[in-house]
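A short write-up of the structure that comes next.
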Amino acid sequence: PQAPHSTIRQLLNTFVNITVLMLSCSIYSAFKTAGNATVGIITSAFNKVHELDTFKKQLEQRKTLVASLANINQQGRNGLFVIVIGESQSRDRMSAYGYGRDTTPWLLQNRSDKHFVLMNNAYSCYPNTVRALEQALSARSQFSSRKLADSPSIVEIAKAAGYEISWISNQNMLGIWDTPTTVMANEADHLVWMNQTVGRKIQSAHFDDILADELKKIPVKPEAKQLVILHALGCHANYHSRYPSSFDIWPGKDGSYDNAVRFSDEVTRQIYAAVKDRPDFQVLVFMSDHGEDPKFGHTIDPFTWPMVRIPLWAAFSDAFGETAPEVVNNFRNNANQPFTNDMFFDLACGILNVKTHPFYDKNNDPTSFDYSRSIEMLTTVEGKFRIADDPKMVAK
């Protein structure tokens with residue numbers, strides 16, 4: 001099912017207005033109780049809603065700005081590029097990254113394949129979908145002073161460069177956790193919501209393998225520039241709801257999470273199988289928004305490192321390797337370097353070859369020879385935790 005853009009905009013306006021009203025009432029009630037700790041929490045939430053509302057309202061202004069960039073429409077590469085956004089997946093629980101259970105047999109098998117490159121030290125910038133993706137998918141990062149409202153998304157930049165963009169999601173269409181992502185997705189040329197649930201509860205009538213089925217419907221256009229973004233439900237709680245009974249391999253809550261990781265591996269296998277033999281296929285990139293600790297979920301209190309240790313990998317076609325060997329080689333050479341996904345915008349610009357604009361930072365892009373973010377420079381949770389302090393950092 002494809003939701004009309006006008007309908008989504010109406011839902012967004014209604015959602016924001018209701019949320020602001022509810023938060024305003026909550027703040028008023030909280031202030032009437034002296035010393036109530038709720039005040040800080042509610043105020044922070046109110047500020048976040050205001051920030052996202054401003055991002056939405058300045059959409060046309062950003063589009064005009066991006067479209068006016070010199071030669072932006074002449075940039076890019078022909079062919080099909082696919083970005084898969086995973087959900088709540090920690091590399092700690094993936095056998096491709098050394099976990100004991102065989103949770104990712106397909107990715108483990110392809111780890112040594114010349115077409116694949118796995119980053120070993122990728123981290124989420126925040127253990128929360130909204131906070132992570134608003135930076136991962138926009139020009140905002142810990143190395144930029146830009147406000148969210150002034151930071152174009154990868155959808156806006158790629159579209160200005162002439163890419164035809166399809167956004168296919170199995171996430172909730174609209175809810176308190178995914179509003180900014182919905183705003184960004186709404187700018188795609190083709191927007192397909194497999195899950196039209198509206199609200200806070202994470203649920204769907206479909207497993208993520210439906211994304212592979214939808215991907216197969218994308219027409220082959222070798223001479224066109226196409227970008228497809230797939231947003232999965234991945235390994236989000238409740239874990240047992242993320243996979244069919246045939247993947248019920250390990251028992252218990254802890255086992256349910258591993259089962260979800262195992263099914264996610266199968267989903268990415270199907271996604272790759274759907275594109276690898278297409279004559280227009282160029283690159284597939286997989287990134288999780290954040291990780292997960294099955295004991296606590298994903299939160300900042302308590303915070304644990306599995307919540308931000310994420311998988312990030314790419315599969316390159318032979319054609320791409322021949323036309324852009326420096327991109328593949330740089331990415332491979334930087335595979336052990338630390339990376340936080342607030343810089344994913346720059347990585348995507350590098351792969352798409354949309355780099356001649358003021359929002360791209362080559363120092364943030366591991367496909368660039370100039371990638372230069374050292375472990376001492378990187379933080380997560382808005383600077384509260386230094387990546388260098390992770391006791392399981394692979395390369396220090």
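The values are calculated or read from the model by the stated rules, or taken from the named source; none is laboratory data. Predicted, not measured: the structure shown is a model, and the values here were computed from it. Positions of Cβ are generated from backbone atoms using ideal geometry, with glycine treated the same way; all protein chains shown enter the neighbour counts. Heavy atoms of the whole protein, side chains included, go into the accessibility calculation; ligands, DNA and RNA do not. Shrake-Rupley method; radii C 1.70, N 1.55, O 1.52, S 1.80 Å.
Odds and ends about this structure:
- Within the accessible area of the stretch 329-396, the carbon and sulfur atoms contribute 47%, probe 1.4 Å, all protein chains present.
- Greater than 29 Å apart at Cα, pairs in K216/K295; K57/K276; K362/K392: K216/K295; K57/K276
- The label point for E223 and the one for H240, both projected 7 Å from the Cα toward the Cβ, are 5.5 nm apart.
- Residues in the stretch 368-382 that a label on N71 would reach, taking backbone N under 20 Å of a point 7 Å out along Cα→Cβ: 368-370
- The average projected area of the stretch 239-333, computed from the convex hull of its Cα atoms over all directions, is 7.9 nm².
- Full-extension gain in nm, A319 to A388, via 0.36 nm per residue minus C-alpha separation: 21.1 nm
- Heavy-atom accessible area for V267, with the other protein chains in place and a 1.4 Å probe, reaches approximately 10 Å².
- Surface analysis of the stretch 204-271 yields an accessible area of 41 Å² per residue, using protein heavy atoms and a 1.4 Å probe.
- Solvent-accessible surface ranking, highest first, for L52, L233, L65 at 1.4 angstrom: L65, L52, L233
- In this calculation the C-beta distance from S145 to N336 is compared with R0 = 35 Å, giving a FRET efficiency of 0.75.
- In whole percents, the pair-distance distribution calculated for the stretch 81-189 from its alpha-carbon pairs, binned every 10 Å from zero, is 12, 36, 34, 18, 1.
- Cα-only Debye scattering, the stretch 314-386: base-10 log of I(q)/I(0) at q = 0.23 Å⁻¹: -1.05
- Computed lengthening from K276 to H50, 0.36 nm per intervening residue step minus Cα-Cα distance: 77.1 nm
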